[in-house]
Amino acid sequence: MFKKLAKLKYLPNNFEIIEDGDHVICSVSGKKISIDKLTYWNVELQEPYFSYIEASKKRT
């Protein structure tokens, strides 16, 4: 299913694909996140998160 890591630029309400791929890696858990399922990220840190749980862990 996951074949190529994508490079993204995270923006306030969406993201820009810099390098094509089908997934990114959660910066907290290391889990693979399909581009079409990506919902949580940090614009300032330019990091993706698997879910709200990982995103909240990063803030603490």
Residue check for PRO48: loosely packed, with under 12 Cβ neighbours inside 10 Å and of a type outside the set (A, V, I, L, M, F, W, C): no
Single condition ILE18 does not satisfy, out of (1) surrounded by fewer than 16 Cβ atoms within 10 Å (Cβ to Cβ); (2) hydrophobic (A, V, I, L, M, F, W, C); (3) part of a loop (DSSP other than H, G, I, E, B): (3)
Lone unmet requirement of (1) aliphatic (A, V, I, L, M); (2) at pLDDT below 95; (3) not in a loop (DSSP other than H, G, I, E, B) for MET1: (3)
Qualifying positions in the stretch 1-15 - without any contact (Cβ under 8 Å) to a residue 24 or more places away in the chain and surrounded by 11 or more Cβ atoms within 10 Å (Cβ to Cβ): LEU5, LYS7
Residues of the stretch 40-60 satisfying the condition of being among the β-branched types (Val, Ile, Thr) and free of Cβ contacts under 8 Å to residues at least 12 places away in the same chain: ILE53, THR60
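The values are calculated or read from the model by the stated rules, or taken from the named source; none is laboratory data. Because the structure is a prediction, the values reported are computed rather than measured. Positions of Cβ are generated from backbone atoms using ideal geometry, with glycine treated the same way; all protein chains shown enter the neighbour counts.
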